[in-house]
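This report concerns only the one structure given below.
The values are calculated or read from the model by the stated rules, or taken from the named source; none is laboratory data. The structure presented is a predicted model; accordingly, all values stated were derived computationally and were not measured. Note that each Cβ is placed from the backbone with ideal geometry, even for glycine, and that neighbours are counted across all protein chains shown. All accessible areas refer to the heavy atoms of the entire protein, side chains included, with ligands and DNA or RNA removed. Shrake-Rupley method; radii C 1.70, N 1.55, O 1.52, S 1.80 Å.
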Amino acid sequence: MKLIWLGLLLLSSTVRAADFAFTPTLQQAYTDILKLNVSTGRQALSGELARRNGVAVYLDNYADMVTLLVTDDRQLFDRFSPRQDQRLDLLQDMDENSPWQRFAQAEIRLQWAFVKLKFGEEVSACWDIIRSYKLLEENRRRFPGFVPNEKSLGVLHILIGSVPENYTWVARLLGLRGSVREGMRELQNVVQKDPLYRTEARLFDLLARAFILKFTPADAEQVKRLVAENPDNLTLHFFGARMLMKDGRSEEALQILQRQPAGPSYMPLAFLDYMKGEIAIQKGAYPQALTYYKAFLNRYKGRNFLKDTYYKQFLCYWLSNDDQRAAPLIRQVMQTGATVVEADKAAQKFAETYSRKGYSANQKIIMKARLATDGGYLDSALNALRPYSEASFTLPAEKAEFMYRKGRIFQRRGEIDAAIPLYERAIALSQTSQLAYGATSALQLGYIFQQKRNPALARQYFKKALSYKKHEYKNSIDNKAKAALNELGE
């Protein structure tokens, strides 16, 4: 009898252990999904899902997240949403003595948080982030040597560390602790110790540098190296190009986009057309930009970036002095899409202002310089502004933007001493109306004085950037300023 019970106990242990097995098949499925070969990855998952493998359950959710983020399809979101609780319930009944049990639940919650944020469901997303954090912290206490845990905790610690100062009390009240420095250290630990998650951790590390911290030339080289090492990974080509464009390196981004992998196994990524349109409009190639923007609208099923795309089409005609074809596109901006992402918020604000009182010819001068600067076409940008001075403009907002744009050009050219008085003047002109140009100028002055090894003055300007209460870029500027202060030890 004792032998029978021992045999049943061993059998039970074997079954529980098999709840979570990251098999070679699942490793390949994970790699395929990360590359945007989602259909191939799902095929590999099917057998392991039938065997109720918890790792397959989490990867199936990963495939859903990637699909929803790429397509931005609201109907698909509504259809997929019930799967979150179904998977969490399934994992809850699996072996709690495995580090994968809580990790898989935390990953599913974090993945859905990213999706919900994209679809404008911020409250539900926040609860998922909190629960994911709690699961990961508990998992770390129970299994301190489980390296995959640090990938997700690293991301969360970076996000928590970059929360604007006036919201940090909320994070503390909810028990959320973390800093950007801690999160970056955790991601680097994954890069060094976990070959399977190395690529994803490297990507998160670089995304944090590009969108939260100060992106350096060395970071840009890392981006290009990561893409070159993974020529068949469409995700890395997309994010690599995005990061380089964010840093005003559109020509380098275009080279990556021209080498993007293609084929029927990859998910169609309409946003690549949008990115190519952005590069074309920065170069002043307006007919080419219109072609790309129209291709994006024809292929895209989501609601984000629609306002911005119609706004950019408006700019293509407006900057070509074809106001008759430009005007109807302002109505499209007003009537189409959502205002979840900052680009759409800015497009909506422009359209509302244009509808009320129009824009002067001076704004065309500034806009051409702005677009060229955004792409890193600095000679073209400076040439556009060279014949003008602050006195050439009448409205305070135009004066402030002129000074900010000129300062940004000099800063990107490495002439930071020439940029400083221009940014200071932009701040002075923005103060009364709390214009975004003051906030962005303060942020850049913070970076400049950080570069000059003057941390006291850098802190002063980062706090100044945070002091602007309401503008269309507040989220991103506040995140960057808070992250920079965090990095300086505040």
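Data for the structure
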| quantity | calculated |
| --- | --- |
| Residues within region 450-470 that are open to solvent by less than 20 Å² (accessible area, probe 1.4 Å) and either closer than 15 Å to Ser430 by Cβ or over 24 Å from the mean Cα position of the chain (by Cα) (or both), tallied | 3 |
| Residue match in region 196-207 (condition: closer than 21 Å to Gly263 by Cβ and part of a helix (DSSP H, G or I)) | yes |
| Residue within region 116-128 that is charged (D, E, K, R) and farther than 30 Å from Phe271 by Cα present | no |
| Residue check, Lys364 closer than 22 Å to Asp323 by Cβ and open to solvent by less than 70 Å² (accessible area, probe 1.4 Å) | yes |
| One residue from Ser46, Ser132 being surrounded by fewer than 22 Cβ atoms within 10 Å (Cβ to Cβ) and either outside any helix (DSSP H, G or I) or of a type in the set (Ser, Thr, Tyr) (or both) | Ser46 |
| Pair list, Cβ < 9 Å and 6+ apart or interchain, from region 281-304 residues that are under 15 Å from Asp73 (Cβ atoms) to residues that are assigned to a loop (DSSP other than H, G, I, E, B) and hydroxyl-bearing (Ser, Thr, Tyr) | Arg303/Thr336 |
| Subset tally (residues that are within 26 Å of the chain's Cα centre (by Cα), modelled with pLDDT under 95 and part of a helix (DSSP H, G or I)) for region 299-331 | 1 |
| Some residue of region 221-233 being out of contact with any Ser or Thr (no Cβ under 6 Å at 6 or more places or on another chain), among the charged types (D, E, K, R) and not in a helix (DSSP H, G or I) | yes |
| Given (1) open to solvent by less than 50 Å² (accessible area, probe 1.4 Å); (2) under 19 Å from Ala400 (Cα atoms); (3) touching a residue at least 60 places away in the same chain (Cβ under 8 Å), number of the condition Arg412 does not satisfy | (1) |
| Count - residues of region 437-448 that are more than 13 Å from Ala481 (Cβ to Cβ) and open to solvent by 10 Å² or more (accessible area, probe 1.4 Å) | 1 |
